[in-house]
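The values are calculated or read from the model by the stated rules, or taken from the named source; none is laboratory data. Here the structure is a predicted model, which means the values were calculated and not measured. Cβ sites come from the backbone with ideal geometry, for glycine too, and all protein chains shown count toward neighbours. The area values use the complete protein model at the heavy-atom level, side chains included, leaving out ligands, DNA and RNA. Shrake-Rupley method; radii C 1.70, N 1.55, O 1.52, S 1.80 Å.
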Amino acid sequence: MRKIIAVCVVGIAIAAGLPMVAGSAAVTSLQAPTTYYSGPGYTVGVYGSRVVKQDVRAGFPALFNDGRGKVWLSYARNRDLPTEAPVIATMVSTDRGATFRPHPGGVNVQNAIRGAAGQDLAIAGHAQILSTTPRRDTGRLTVWRGPDWRPTAGSVALRTPTRPGANVYFNQGIIRYGSSLLAPYYGRFAGDVPGTPASRVELASSTDGVHWRTKGTIAKAYRLGNGDRVVYSETSVIALPSGGIMAVMRREQYTAAGARVRALPLVYSISIDGGRNWNKPAYVRVAGAALVRGARPLVQRMPDGNYMLGVGRPDNRIVFARGHHADGSPRWTTEVVAYRNFPTKPAGGQLHRDLGSSGYVAMTPIGRHTMLTAYDNCAPGWGCPAHMSGWVTDARSTLVVRRVAMVNR
């Protein structure tokens with residue numbers, strides 16, 4: 001049997017002086033080693049890549065710039081099964097992502113945030129499973145504190161008990177809002193839709209990054225006219241200049257029996273009272289069209305005030321925004337394919353473009369205009385059957401890290 005190898009790749013982007021490309025389409029593939037896109041009032045550049053790591057499995061990447069000269073990269077080595085505990089590998093870069101070296105300890109940085117005055121770091125949520133007490137109203141999670149990443153036991157007090165046997169999951173991204181830290185989590189709760197892996201999204205609040213308490217419900221599952229259910233799961237939150245908080249959510253349709261029907265367009269919701277109450281979810285629109293992408297959205301605000309939104313399945317895409325709508329949400333105007341990755345060998349006569357990647361797009365700012373991003377080719381165990389060989393960028397499974405620049409004109 002051929003051994004499946006996962007590979008990490010790194011690329012470089014220039015943060016200023018990007019040439020413009022006239023006449024680009026609204027959705028542009030960036031497969032060339034160096035490609036530019038001219039958006040409304042800004043220019044985007046995505047640069048080439050190189051291998052930095054090989055592993056049997058390397059998926060669900062996360063990136064974190066600690067602000068003290070180090071960029072951290074973590075990824076999962078376990079299969080994507082609820083019965084498996086996370087097995088995390090960690091790497092660190094001291095040259096803004098140009099090279100990485102292994103770091104011991106298995107620290108997952110998908111929920112990392114800089115500490116006060118840049119002196120401390122706190123990571124909440126083990127990225128995967130949050131086990132619960134017999135009463136299922138308090139969860140236990142692992143928290144690491146920097147700069148030496150010492151683990152400690154944390155907790156989260158749930159507003160609603162989970163369903164028997166269910167867990168809740170912190171997705172990615174902690175934000176600071178006033179004197180509190182906020183982080184979204186999702187799961188299947190008592191009274192929610194049965195037979196689905198997730199149902200609603202809630203927001204947790206903490207003052208120390210260790211002990212968390214539910215602050216508000218962002219979105220709940222609901223029933224369609226044909227009896228199917230719409231459920232919410234992976235969510236990213238961000239503080240807006242208007243003072244509100246925005247959540248961008250993954251959404252899926254399931255039958256009443258719990259069979260998945262399809263992924264639905266991404267939606268967002270806004271809270272204007274610190275996360276206690278949220279408005280009705282609305283479509284994430286790019287130049288007026290609903291963004292139909294499935295897996296784990298991640299929204300980041302650049303130091304210069306612009307926005308990037310990463311999402312996958314199919315492909316791995318980045319959406320760019322400059323300015324805001326009346327409700328305070330970013331005005332998304334340009335979508336690019338930063339990494340195209342799906343099987344080139346058909347299965348059942350079809351190319352399954354949602355099977356080439358976990359769909360997780362990791363991002364962290366490394367300059368005023370520049371973001372380091374990460375994507376993956378997935379190995380068997382997270383949606384990529386072994387017979388579906390042949391990938392666009394490499395015959396082996398691959399984890400890709402590259403830089404993306406967005407510069408105002």
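Looking at the stretch 246-274 only, could you name the residues that are outside any strand (DSSP E or B), open to solvent by less than 20 Å² (accessible area, probe 1.4 Å) and hydrophobic (A, V, I, L, M, F, W, C)?
Answer for the stretch 246-274, where residues must be outside any strand (DSSP E or B), open to solvent by less than 20 Å² (accessible area, probe 1.4 Å) and hydrophobic (A, V, I, L, M, F, W, C): L264, L266.
Condition test on G328, is it modelled with pLDDT of 85 or more, open to solvent by less than 40 Å² (accessible area, probe 1.4 Å), not in a strand (DSSP E or B) and not charged (D, E, K, R)?
Yes.
Test of understanding: among G173, G178, which residue is more than 13 Å from V210 (Cβ to Cβ), at pLDDT 85 or above and open to solvent by 10 Å² or more (accessible area, probe 1.4 Å)?
Details: G173 fails: at pLDDT 85 or above.
Result of the check over G173, G178: G178.
Being within 24 Å of A183 (Cβ to Cβ) and either out of contact with any strand residue (DSSP E or B) (no Cβ under 9 Å at 6 or more places or on another chain) or crowded, with 24+ Cβ neighbours inside 10 Å (or both) narrows it down to one of V237, V230, so name that one.
V237
Show the residue pairs meeting these rules: Cβ distance below 6 Å; 6+ apart or different chains; first residue within the stretch 202-219 and free of Cβ contacts under 8 Å to residues at least 40 places away in the same chain; second residue open to solvent by 40 Å² or more (accessible area, probe 1.4 Å).
none
Identify, by number, the condition in (1) modelled with pLDDT under 85; (2) farther than 29 Å from A190 by Cα; (3) open to solvent by 20 Å² or more (accessible area, probe 1.4 Å) that G115 doesn't meet.
(3)
State all residues of the stretch 275-300 that are in contact with a Pro (Cβ under 8 Å, 6 or more places away or on another chain), in a strand (DSSP E or B) and in contact (Cβ under 8 Å) with a residue 24 or more places away in the chain; if no residue qualifies, say none.
Of everything in the stretch 275-300, those that are in contact with a Pro (Cβ under 8 Å, 6 or more places away or on another chain), in a strand (DSSP E or B) and in contact (Cβ under 8 Å) with a residue 24 or more places away in the chain turn out to be A290, V299, Q300.
Restricted to the stretch 282-300, and to residues that are basic (K, R) and more than 16 Å from D327 (Cβ to Cβ), which residue is least open to solvent (accessible area, probe 1.4 Å)?
So the first thing to find is which residues in the stretch 282-300 are basic (K, R), and the list is 285, 293, 296.
Filter once more, keeping what is more than 16 Å from D327 (Cβ to Cβ): 293, 296.
Working: R293: 39, R296: 0 Å².
Among them, the one singled out is R296.
Taking G275, is it under 12 Å from the mean Cα position of the chain (by Cα) and not aliphatic (A, V, I, L, M)?
no
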